[in-house]
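Have a look at the structure below before the remarks.
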Amino acid sequence: LFHYAVNVGKLSPSSTGDLHIARAEEILNREAGWKALASTTDFGAIAAAAGEEEEEGKGDEERKMMKLVFEIFVNRVCDYVGSYYVALGGEVDALVFAGGIGEQSALLRARVTAQLGCLGFGVDEGENNKQGSADVVWAISAKGSRHKTLVCATDEQFEIARICAEEKDI
């Protein structure tokens, strides 16, 4: 079943006529998304909940929502990777996980590559579960994978500071 709707998820003047821009920014930046669904923006907590095994009678609603948020995120990542994969005609060198979430969450990397396995990505469980590396970039590809899967250590705050220090107009 396919349903097409116009302007879904977009703000309209009729629904936001009395909404001050500062309040709209507060809602969109601090109260929506993961926070609205899982009561947190802490991806570490969300991933931890997603990795927990279900226990009989332990149906904590918040944990279920965190698992849902995790699965939505995995699905979104796979949607983007799949779209780029097709746009590139399958000519892909590697899938690279970076930044706080990609670098720190072995579970995320495992779930994403499992879902993208049909495209030739895979991770070696032992390499994927290693905590960090002395290298800036390290391979976690499974043997026989068509494409490489890499983790790249990043320091986003340092990079932003470096760019700001080099930019003369700031």
* Asked: For the stretch 74-119, which residues satisfy the criterion of being charged (D, E, K, R), closer than 28 Å to Asp42 by Cβ and open to solvent by 20 Å² or more (accessible area, probe 1.4 Å)?
  -> Arg76, Asp79, Glu103, Arg111
* Take Lys143 and decide whether it is open to solvent by 40 Å² or more (accessible area, probe 1.4 Å) and touching a residue at least 12 places away in the same chain (Cβ under 8 Å). => yes
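The values are calculated or read from the model by the stated rules, or taken from the named source; none is laboratory data. Bear in mind that the values here come from a model prediction, so they are computed numbers and not experimental data. Glycine also receives a Cβ, built like all others from the backbone with ideal geometry; neighbour counts cover every protein chain displayed. Areas reflect the complete protein model, heavy atoms only, side chains present, ligands, DNA and RNA absent. Shrake-Rupley method; radii C 1.70, N 1.55, O 1.52, S 1.80 Å.
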